[in-house]
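Okay, so here's the structure we're looking at.
FYI, it's all coordinate maths here, none of it is from the lab. Given the structure is predicted, the values throughout are model-derived calculations rather than measurements. We place every Cβ from the backbone using ideal geometry, glycine too, and count neighbours over all the protein chains shown.
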Amino acid sequence: MVNNKKKRNIFADKATLVLRKMLSCPEKKWVTRDFIGPEGLSIGMAQGVLEAMATGGYIEWSKHGPASYALLTNREKLISDWLAVYQFQLNEVDTYYSPDKNILSKLKNYLKDKQYALTIHSGANLITSFVITDHIYLYFKSKNWNKDILDFRQKLDLKELVRGGNIHIIRPYYENSIFFNEQTIKGYKVVSNLQLYLDLYNFQPRGQEQAEQLKTILEEKGKNFYGS
């Protein structure tokens, strides 16, 4: 039983809900029940993730019966190891083309009652204005992908090219956790700064530059960068 816990992949979708919550409040003393709830983590899963994090050297787990708690002690190592295994290419992306210069605003209006979040440069630029690009990347949640994408394309007149495009609609690899701590910036829904950083870091072109610029700007504003 202990070996299974040690082997748990803490960077898998649901498991990252534990990481994301701990990073959002790094000084908090966490107990297992803090991670149980509507997201669907069981007590066993939450405990297994904490065991694996303790083994990996990311947290200290003080075990004192009812007074037991876990404390995040190596945030930088956690992020570094996460970046080593996560690639934006793990997502499935449908790509289309629009020549409309106002397509981002039209996307916002079309998606106002739907679950979506901008990412990559189209998300980060709302904070940094660092990379000039007409490419738009957004996560989209759908129970009937083919039906919803057809409606998406028809309402916004998105074209399917033989190759390339500038509108990238993403089926998230992190299906359960991608919208954790999503934020609204200038009226647009955007993934958390943590998820922006993860998506950008190994992305080409200019992803790592944008990721570091984003981190610098937010830290200068005194924000908990990894937790927002």
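Tabulated data for the structure shown
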item: Residue in the stretch 129-174 that is nearest to Lys223 (Cα to Cα), counting only those that are surrounded by fewer than 18 Cβ atoms within 10 Å (Cβ to Cβ) and of a type in the set (Ser, Thr, Tyr); result: Ser129
item: Selection from the stretch 129-172 of residues that are closer than 30 Å to Gln213 by Cβ and of a type in the set (Val, Ile, Thr); result: Val131, Ile132, Thr133, Ile136, Ile167, Ile169, Ile170
item: Count - residues of the stretch 6-51 that are among the polar types (S, T, N, Q) and within 18 Å of the chain's Cα centre (by Cα); result: 3
item: Residues of the stretch 113-170 satisfying the condition of being more than 20 Å from Gln204 (Cα to Cα) and in contact with a Ser or Thr (Cβ under 6 Å, 6 or more places away or on another chain); result: Asp148, Leu158
item: Matching helices (runs of 4 or more DSSP H) fully within the stretch 67-138 where at least 1 residues are in contact (Cβ under 8 Å) with a residue 24 or more places away in the chain and in contact with an Asp or Glu (Cβ under 6 Å, 6 or more places away or on another chain); result: 120-128
item: For Glu76: the one exception among (1) surrounded by 12 or more Cβ atoms within 10 Å (Cβ to Cβ); (2) within 20 Å of Gln195 (Cβ to Cβ); result: (1)
